[in-house]
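Working notes, structure below.
The values are calculated or read from the model by the stated rules, or taken from the named source; none is laboratory data. Here the structure is a predicted model, which is why all the values come from computation and not from measurement. All Cβ positions, glycine included, derive from the backbone under ideal geometry; neighbour counts span all protein chains shown. Heads up: the accessible areas ignore ligands, DNA and RNA and are worked out on the full protein's heavy atoms, side chains in. Shrake-Rupley method; radii C 1.70, N 1.55, O 1.52, S 1.80 Å.
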Amino acid sequence: MKFPYQAVIFDSDGTLLDSTQIDFLAWKKLFAEYRREFLFNDHVPLLGCKSRDVVKQQLLLQGKELESALAQRLHHIRTLTDEMGIEAIPHVNVLLVQ
């Protein structure tokens, strides 16, 4: 059986979908809940990192507090996506149909 595709993209976050602003705002909200400031310059080094690692290293949380923070971040992402919507990366449709 021949594979009918030339490539497969598994990562949509930031690759196919322009999620940078929502990702930043979700981190900003989460950090604020722990009375920590979070600036855009703080966000750039986190791109591509696992949320679990960020929460462990930056907020120094473990166990139930870690799980709660991760759940809260996901809640922020969902709320922000509902409020703001999310767009495809410009011209990604051209890439996908080739």
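Per-structure values
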read-out	value
Cβ-Cβ under 9 Å pairs, at least 6 apart or on other chains, region 17-32 side under 22 Å from Ile89 (Cα atoms), far side surrounded by 17 or more Cβ atoms within 10 Å (Cβ to Cβ) and of a type in the set (Gly, Ala, Ser)	Trp27/Ser51
Number of positions in region 67-89 that are under 14 Å from Thr20 (Cα atoms) and in contact with an Asp or Glu (Cβ under 8 Å, 6 or more places away or on another chain)	5
Pairs with Cβ under 6 Å, 6+ apart, first in region 58-82 and within 13 Å of Phe31 (Cβ to Cβ), second part of a loop (DSSP other than H, G, I, E, B)	Leu59/Tyr34; Ala69/Leu61
Qualifying position, being more than 16 Å from Leu17 (Cα to Cα), within 12 Å of the chain's Cα centre (by Cα) and exposed (fewer than 11 other Cβ atoms within 10 Å of the Cβ), among Lys50, Lys64	Lys50
Helices (runs of 4 or more DSSP H) wholly inside region 1-88 containing at least 1 residues that are at pLDDT 95 or above and among the basic types (Lys, Arg)	20-33, 51-58, 63-84
Residues of region 72-95 classified as among the hydrophobic types (A, V, I, L, M, F, W, C) and surrounded by fewer than 10 Cβ atoms within 10 Å (Cβ to Cβ), total	1
Subset of region 29-47 (residues that are open to solvent by 90 Å² or more (accessible area, probe 1.4 Å) and within 15 Å of Leu80 (Cα to Cα))	Lys29
